[in-house]
Amino acid sequence: AMARLIHRSIGIGQTARLSTRFGIHPSGRSPVAVVAAMSQSHASEKDVIVIGNGPIGSAVARHVAEDGYSVLVVDGGNRLTSASDDMGRIVRPLDAEGRERWTRWNVESIEAFGDIETRSGVDFFQRCGSLACGTGAFVERPARLLEQNGVPHARLESGADVTRRFPFLSVPATHVGVVDDVGGFVDPGAMIRAQNALTVESGRGDVRAGVVTRVEVVGGVEADGGVEAGGVETGSPRRVRVTTEEGDAFVGSAAVVTGGAYTAWLVRSSGLSRDEAKPGRTMTTPRASPDASSGVARVRVSRRTVLLAEVTEATAKGPLGAMPTVKYQFAPAPRDDGGSSQSRNEAMSVYVLPPIWYPDGVLGLEPGWYVKIGGGANDFFDEDRADDAVADLDEWMRSDGDDSVADRLHDVLVALMPDTNFLSVQSKACVTTCSDDGELQCEALGDGGVVLAVTGCQGKAAGPADAIGWAVASEVAARIGA
């Protein structure tokens, strides 16, 4: 049974660590359930099948549909865990690691939010600004890219300047800051619903619930005559068949796997691999991830723990009413051990979101205003247990996260916001997908490269998901039209 959070007021600068187990798919918040009722077309064959209805998958589907192709989104719904079942994901024009492509994706997505909200009738973006605060080395390159991309911002030249601008923060005197009025946060569930609504409204898209268990390339001109299971003639043009646990089979000219932490497992269990034997067929994706070099097989899943710290409505709308999203360096830069810049950046920093209203039942919380904090060093799942990825993910996501990480986040939060009276703090588990090169991986797999696997989001793809979705959809269109 779910333990009930006990809210009690405690001293300023302290928090009560309260822990409970919770389901990560709160009732009534499944985008699949909402949009399935809207969809009228039930044809099982589409131009493109998108597996996974998260921020990226929903964006890919909308752009594919608006490009004139038919698309079906298949999602595990309440059957599989998801890191998107939350009320707030950080969105900022600045990329904390100073990566050019991620910065452009951030800016392009934020610019697109207004149009998506207006056309779908679903609001999901809250603009509150964003702050990056740390040593000069921590903020210099990200700030330079803001300038190159024409993003209005201001520099805060000392810790004292940061505190004068944001009196609720306490940072070292040697820290500097970069602040903008462009960033904020999204409600990921609402953003997915907005993308789904436009996909269905196009008349070319459907969204279905289903746990995908296999993705395979079937048919092809080299095959002998006959009919395979699922109704695909073996002598027909190459198609992708997607099979679900429920026994459904869907066929398309191409498929995009955007299953988050499940992507690498599904690709591996489906036996998909690069088709390097076919001359003249490129397996790279120059439109979607030209900077990537790691590949999907080398993407690792990291256990993450976040804290949700409750504040009163008076605090949320008073002292913290002008709080931006924060990326904060709390520790010195770690030694360069050959890992990715993403891992090094995570090890020395946290992100903090301003108070967000959580309705009753979301993440097992009592309704209230919560400040969210996350970050710290990556903790990767054991690669030797790759075949048990689904069970391990499910077990982790139903836990309270790592107590030692939660304690560390608690200490950072209290030191950063010492005058804020937190009523309670609850930990929860999350996951991110990381690559050695720190880049998004979009890899063309299977015979002819007609299956695109997208993963390695580095824990920061919710904000730029629309621009990423456009890039992946452009890759899909080029392959279908080839």
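The values are calculated or read from the model by the stated rules, or taken from the named source; none is laboratory data. Note that the coordinates shown come from a computational prediction; the quantities given were computed from them, not determined experimentally. Ideal geometry is used to build each Cβ from the backbone, glycine not excepted, and the neighbour counts take in all protein chains shown. Surface areas here come from the heavy atoms of the whole protein model, side chains and all, with no ligands, DNA or RNA. Shrake-Rupley method; radii C 1.70, N 1.55, O 1.52, S 1.80 Å.
Side notes on the structure shown:
- Heavy-atom accessible surface of region 305-412, averaged per residue, reaches 42 Å², computed with a 1.4 Å probe.
- Virtual spin-label span in nm between ASP181 and GLU201, 7 Å along Cα→Cβ: 2.9
- Counted by Cβ distance under 10 Å from PRO55, the other residues give a net charge of 0, where Lys and Arg count +1 and Asp and Glu count -1.
- Long-range amide H partners of VAL256 with built H, under 5 Å: ILE49, VAL50, ILE51, LEU452
- Within region 420-439, backbone nitrogen closer than 19 Å to the virtual label 7 Å beyond the Cα of ARG398 toward Cβ: 427-431
- Extension gain (nm, one decimal) between ARG155 and ASP407, 0.36 nm per residue minus Cα-Cα: 87.6 nm
- Potential lengthening of the chain between SER341 and ASP123 amounts to 75.1 nm, from the contour at 0.36 nm per residue minus the alpha-carbon distance.
- Distant-in-sequence amide H partners of GLN441 (H built 1.01 Å from N, under 5 Å): THR455, GLY456
- Less than 5 angstrom separates the built amide H of PHE124 from none of the residues sequence-distant by 5 or more or on a different chain.
- Within straight-line cross-link reach of LYS46, lysines at Cα separation under 26 Å, skipping those fewer than 8 residues along the same chain: LYS278
- With the simple spin-label model, which puts each label point 7 Å out from Cα in the Cβ direction, the ALA331 to LYS317 separation comes to 3.9 nm.
- Inter-label distance, ALA391 to SER269: 1.2 nm, where each label sits 7 Å from its Cα along the C-beta direction.
- By accessible area, using a 1.4 Å probe on protein heavy atoms only, region 323-476 has 50% of its surface on carbon and sulfur.
- Segment ASP379-ARG214, length gained on full extension (0.36 nm per residue, minus Cα span): 56.6 nm
- At 1.567 mPa s and 4 °C, Stokes D of region 420-482 from Kirkwood alpha-carbon radius, µm² per second: 91
- Ignoring lysines fewer than eight residues from LYS372 along the same chain, the ones with Cα atoms less than 20 angstrom from its Cα are LYS317, LYS327, LYS428, LYS460.
- Viscosity 1.002 mPa s, temperature 20 °C, Stokes-Einstein D of region 333-482 from Kirkwood C-alpha radius, µm²/s: 117
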